[in-house]
Amino acid sequence: MGLDRSPQRKNNSVDLNNASNCNCIPQLDQHHPAIQFLLEAIKSSENNLNSKLDSVLDRLTTLEQRSTTMETRIHDLEKKSTDVLDDLLDNKQNTDALRAEVHDKVSQLKEENDRSWRRNNVIFKGIPENEAANQLITSLIAFLLPNHTLNISHERVGKTKSLYPRPVRVYLPNKAEKSELLRNCKNLKGQDMFQSISVCPDWTKQQQEQRRTPVKTRSQTTAVNDRKRPRMDNRSIPSVANPTGNGSASLVLDPMEQN
């Protein structure tokens, strides 16, 4: 015998459309302790997150300020370093200029001192280096300075190992006797005893280099000074004399030595 359960299934079913109008499902109350606990936990977590976010934002602001400060300091340091480098370059240029000026002054003083030391000296060239050399030098000095009675010292100059006789530097007591000796060199012409001997002032290296400079170049470099000097008759200035073809003695003289 079968059971008819359909009426019972019908009685046990629930109308969900009318569930809200009955007390079959309990309503969620926001004041429920569990809900209240969750809301408070969420709110506390939110406040904690906001606090941490504010802290992070504050730290970012501080870092930005520090970054700006550091950039300003770096810019200032770069500017200062640039200024220091410029000052160093200026100081170096000034130092180099001063060093060059000092070097020129020292060289000028040395040149003046050297010229002063050589002022009364003359150079004999072409005197053989043998036992008769001293007697030949003494005879030559006596010929050029017949009125001189004092002993005049002399010495060989230049490299010891040379293919040619070394020059002889003669130390005269004063410039007057030097000028007299140079004037009397014109009398050496025709003197067989003094053939192949030349006489010149005791020039410094700078004066020798100036003499080797082409005349045109020297006139160009001294054009300003030449315009300041009074014009002179060229015939009044002794020219540089070269050794004569007949082997007689000669005088090599520079116009600068006439003053």
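Values in this text are rule-based calculations from the coordinates and carry no lab data. Predicted model, so just to flag it, every value in this text is computed and none were measured. Neighbour counts are summed over all protein chains in view; Cβ atoms, including those assigned to glycine, are modelled from backbone coordinates with ideal geometry.
How do 190-202, 121-133 rank on mean C-beta neighbours within 10 Å, highest first? Walk me through the numbers before you get to the answer.
Working: 190-202: 17.6, 121-133: 15.7.
Output ranking for 190-202, 121-133: 190-202, 121-133.
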Quick one: if you stick a label point 7 Å off each Cα along the C-beta vector at Glu71 and Ser55, how many nm between them? 2.8 nm
At Val102 and Ser139, where each label point lies 7 Å from the Cα along Cα→Cβ, what is the point-to-point distance in nanometres? 5.5 nm
Enumerate the amide H contacts of Gln191 below 5 Å, restricted to partners 5 or more residues apart or on another chain; note that Pro and chain-start residues carry no placed amide H. Ala249
Between segment 91-170 and segment 31-61, the alpha-carbon center distance in angstrom: 105 Å
Which residue, chosen from Ala176, Ser162, Ser139, occupies the Cα position most advanced towards the positive end of the dipole of segment 125-185, where the dipole is computed from +1 (Lys, Arg) and -1 (Asp, Glu) charges on Cβ about the Cα centre? Ser162
